[in-house]
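Reading through the structure tokens given below for one structure.
The values are calculated or read from the model by the stated rules, or taken from the named source; none is laboratory data. Note that the coordinates shown come from a computational prediction; the quantities given were computed from them, not determined experimentally. Every residue, glycine among them, receives a Cβ derived from its backbone with ideal geometry; neighbour counts consider all protein chains shown. To get the accessible areas, we keep the full protein, side chains included, count just its heavy atoms, and leave off ligands, DNA and RNA. Shrake-Rupley method; radii C 1.70, N 1.55, O 1.52, S 1.80 Å.
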Amino acid sequence: MGGEAGERRLGRAMSFGIPDVALGLVMGFVEDPWDRDAISLVCRHWCRVDALSRKHVTVAMAYSTTPDRLFRRFPCLESLKLKAKPRAAMFNLIPEDWGGSASPWIRQLSASFHFLKALHLRRMIVSDDDLDVLVRAKAHMLSSFKLDRCSGFSTSSLALVARTCKKLETLFLEDSIIAEKENDEWIRELATNNSVLETLNFFLTDLRASPAYLTLLVRNCRRLKVLKISECFMLDLVDLFRTAEILQDFAGGSFDDQGQVEESRNYENYYFPPSLLRLSLLYMGTKEMQVLFPYGAALKKLDLQFTFLSTEDHCQLVQRCPNLEILEVRDVIGDRGLEVVAQTCKKLQRLRVERGDDDQGGLEDEHGMVTQVGLMAVAQGCPHLEYWAVHVTDITNAALEAIGTYSSSLNDFRLVLLDREANITESPLDNGVRALLRGCTKLRRFAFYVRPGALSDVGLGYIGEFSKTIRYMLLGNVGESDQGLLQLSTGCPSLQKLELRGCFFSERALAVAVLQLKSLRYLWVQGYKASPNGTDLMAMVRPFWNIEIIAPNQDEVCPDGQAQILAYYSLAGMRSDYPHSVIPLSPSV
């Protein structure tokens, strides 16, 4: 008894006299999970208060813990985000049968987690039975349900969710693979059973969407502010837009209707709600882009990734959007387009420049390429950038140095160097990378995917030295030898997640690097120098560290025919659902 009393006195002393209720309220304002973790380590008393006051948790790898362990640690959770398949699955680099079933989690979530209101499942396999179990237990509570890049369920289950979850404010299905896609009765069920919906997103899915049902949804859900749909002919959505009085974010639609003669399409005086701030349209071409001109000044987000616009079209459109905070385009925008962005969009915070289709009907002409010229213009002209992902055809040290000098607010930077040209202007890019990392001290996520020879071992050493705050890193085709990786691993004190592709370090170097990166929780490698039987990887074995070898699929050719390594911390031990393509290298301790 004396020991327990002493612990309580110590807890009160460490709380500086703050009552538990007040301490819990203060912790509620601490949102960064790293800060919350640090708070929970102060003493056992603070750990208990953190456990009872933590409302949201993200589990970055579903196999890293168990639902029961999570519930015992955080019994009062109201919101949970759960990820399963590795990020590489988005690029078809992971076998379809790798795993990632949501069933064990949904069974436990339904039986416990009594305060759960929001559930976000990402890259998971979710069956109709799973959704039936979840809905029966949580339909009266769920306010937000996200199936993000998931698969395994059908529109029948969506109808069940729509019919029974009457408090649902957010339903998110973007980029998911859904069976019975022609059945859109679930939209009618949602429209007739829900009046509080604020966000509906089934963008980038193959789901059929009846314009009549969508209009009914907008009419009945008067709070709807975000609507992201699949392909639906824009001329059939006129009534929807006239009904959606407070709509702020729209994505989807389509300007391409194979059943209608082009000459009969009339977009003159096309109407969008005056409240509209964020927009992404499908298959818009030069003739249709004028529908946006009257609304450009009000837009804060514009997504042109799925359009048929030329470099000049981008320039004309961007010039009419001076208040953009988010811009997403393909590299057809070119250096000239990025110079217009730099001159016009002074409030820009997020910029994504994706790789265009090389065979896209001539849009990728000599003007539609992004090089150091465009990057330097944006760095100097858009000082508030926080996120920047860009595919470039050429790059120089000076451009990377400019980013380090002028883009000091960046917390996420990703660069991919394409192989369209035989040579690049300058190599290696070591000094540019050093200048970028020294200048961008707020970086938390960093990706640098280049060509062999573009970053030497010296550059990898710079990354290790100047990546003090980076937690996620993707490197492709970097380094010259194992020494570069070993130099990197002596730094990067905050690095939790590392992905390597095409670097061809040896197994022993990978094992040593893992042991030196003290914060590392997750490693994915494709392309490495394998030992005859994988024994060199055994050097990275440590308690609670799962190691998997993903072999190339013999029936379906794996990209590049290369084996992969996936290693991650797990308090749950080895998983039990390994397919034949995954070889567990060693058991957890």
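For the reader, a short list of remarks on this structure follows.
- Environment charge of Ala84, counting only residues whose C-beta is closer than 9 Å and scoring Lys/Arg +1, Asp/Glu -1: +4
- Cα→Cβ-extended label distance, 7 Å offset, between Ser576 and Lys442, nm: 4.7
- Net charge contributed by nearby residues that have their C-beta within less than 11 Å of Ser157 (K/R +1, D/E -1): -4
- Mean Cα-pair separation over length for the chain, i.e. relative contact order, pairs under 8 Å, 6 or more apart, %: 6
- Calculated [θ] (222 nm, deg cm²/dmol) that DSSP helices of n ≥ 4 give over the chain, each run adding -39,500 (n - 2.57): -8500 deg cm²/dmol
- Around Leu415: net Lys/Arg minus Asp/Glu count, Cβ-Cβ under 13 Å: +1
- Alpha-carbon centroids, the range 132-146 and the range 486-533: separation in whole Å: 40
- Cα shape, the range 145-243, gyration tensor, a/c 1.5 rule: oblate
- Value of Rg to Rh for the range 84-184 (Rh from inverse mean 1/r over Cα pairs, i.e. Kirkwood): 0.96
- Prolate/oblate/rounded call for the range 353-509, Cα gyration tensor, a/c under 1.5 rounded: oblate
- Entries in Lys166/Lys225; Lys346/Lys442; Lys442/Lys529; Lys117/Lys301 that, when Cα-Cα distance is taken, lie over 25 Å: Lys442/Lys529; Lys117/Lys301
- Stokes-Einstein D in µm²/s, Kirkwood radius over Cα pairs - the chain at 4 °C with 1.567 mPa s viscosity: 49
- A straight Cα-to-Cα reach below 22 Å connects Lys181 with the lysines Lys146, Lys228, residues fewer than 8 places away in its own chain not being considered.
- Using distinct alpha-carbon pairs, which all enter the 1/r mean, Kirkwood radius of the range 14-78 in Å: 12.4
- Accessible surface area normalised per residue over the chain is 43 Å², counting heavy atoms of protein chains with a 1.4 Å rolling probe.
- Cα gyration tensor, the range 481-545 - rounded (a/c under 1.5), prolate or oblate: oblate
- Leading residue at positive end of dipole, the chain (Cβ point charges), from Ala244, Cys382, Tyr522: Tyr522
- Sites Thr192 and Arg69, calculated FRET efficiency, Cβ-Cβ separation with R0 30 Å, nearest 0.05: 0.15
- As a fraction of the 1.4 Å probe accessible area of the chain, surface on carbon and sulfur atoms comes out at 51 percent.
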